[in-house]
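Here the structure is laid out as structure tokens; the discussion comes afterwards.
The values are calculated or read from the model by the stated rules, or taken from the named source; none is laboratory data. Everything numeric here is computed off the predicted structure, so don't read it as measured data. Cβ atoms come from the backbone with ideal geometry, glycine included; neighbour counts cover every protein chain shown.
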Amino acid sequence: MSEKPVKTGSFVLLLGLVQFFLLESISTFLYPGYSVANNYVSDLGTGANTAIIFNSSIVVLGIAEIAGGYMLRSYSRAIFVTFSLAGIGAAGVGIVNQDLVYSVHMIFALLAFLFASVSSYVALYKERNAIGVLWAILGTISLSALILSYPYFNSFYFGIGRGGMERMTMIPNILWAIGFSASLYNKQG
């Protein structure tokens, strides 16, 4: 395994994740009347005060996932594939916001959430240690929330609302991927 592309790829991935997490949070504060319980995350992509911040940030995240995943292909081809599919989904969410073509937006969102969760299992398979188990647990939380809240399933929100449930899909994936990319970066010396 070549160390330089893996180190660079993990850093690119880390930057993409952190910038999105910060800018999504800033957008939440700037959106007038926004409710983390009742509004979808993608609503931030349609707000007059937040659309440019949110949409550009999630497109950057998608590009970082694709580019970072590509650079990590010597570490794991499966990581490359799953991060690339998650990245295509994330970029698509920002390019096709929910007000443009809702059904296409939902397909991109499903890609982003599903393959971000699946990536956690690949990371566990590659690392096979306690931290890898934590990553897989976070991925499982995200995947479970996705299944329970996706409109085509039973839309059960556990009293935290549709926005809260969507965050239970998004935030654990961001957390495990930040931990994974930082860990991989540090391993490369």
Exercise. Which ones in the range 130-163 are modelled with pLDDT of 95 or more, of a type in the set (S, T, Y) and over 20 Å from V36 (Cα atoms)?
Worked result: T140
Exercise. Consider R73 against the criteria (1) under 18 Å from the mean Cα position of the chain (by Cα); (2) buried (at least 16 other Cβ atoms within 10 Å of the Cβ): it satisfies all of them except one. Which criterion is unmet?
Worked result: (1)
For this session: Return the only residue of G62, G132, G45, G92 being in contact (Cβ under 8 Å) with a residue 24 or more places away in the chain, within 19 Å of P172 (Cα to Cα) and either crowded, with 19+ Cβ neighbours inside 10 Å or not hydroxyl-bearing (S, T, Y) (or both).
Result: G62
Seminar exercise, completed: Those residues of the range 135-189 that are closer than 24 Å to G69 by Cα, free of Cβ contacts under 8 Å to residues at least 12 places away in the same chain and not in a helix (DSSP H, G or I) come to a total of 0
